[in-house]
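These notes concern the structure reproduced below.
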Amino acid sequence: LLWSKQVLPLAGSAWSCPPVRITCALHNPPNHCRTDRNCPRFKKCCPSFCGRRCLSKPPRIPVSYG
């Protein structure tokens, strides 16, 4: 018998975190996650303005040709 194993991409692995332009003044901000595995499916652990948070993939911006 041959077994086939379907490999699914890890949650959030196909996109990158948005840039952080503002940082909070807390010396040790709370982190809600450490890695992508700490986040629900299809979310990614990203640095935010104050600690790390699980973020959803940003919506795609439609491109208009006209």
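Rounded to the nearest whole Å², what accessible area per residue is found for the range 18-57 with the 1.4 Å probe? Show your work: numbers first, answer last.
On the way: 3300 Å² over 40 residues.
Dividing the accessible area of the range 18-57 by its residue count gives 82 Å².
Whole-Hz Karplus ³J(HN,Hα) for the range 18-34, in order, using 6.51 cos²θ - 1.76 cosθ + 1.60 and θ = phi - 60°, x for Gly and Pro?
Values, residue by residue: x, x, 9, 9, 10, 10, 6, 8, 5, 5, 10, x, x, 9, 8, 7, 10 Hz.
List every residue whose amide H lies under 5 Å from the amide H of Phe42, counting only residues 5 or more places away in sequence or on a different chain, with H placed 1.01 Å from N in the peptide plane.
For Phe42, whose amide H was placed from the backbone, the distant partners under 5 Å are Ala11, Gly12.
Using a 1.4 Å probe over the heavy atoms of the protein chains, calculate the carbon and sulfur portion of the accessible area of the range 18-57 as a whole percent. Could you put the intermediate results ahead of the total?
Values: 1800 of 3300 Å².
That fraction is 54 percent.
The values are calculated or read from the model by the stated rules, or taken from the named source; none is laboratory data. The structure displayed is predicted, hence computed values, not measured ones. In case anyone asks, the SASA skips ligands and DNA or RNA and just uses the protein heavy atoms, side chains included. Shrake-Rupley method; radii C 1.70, N 1.55, O 1.52, S 1.80 Å.
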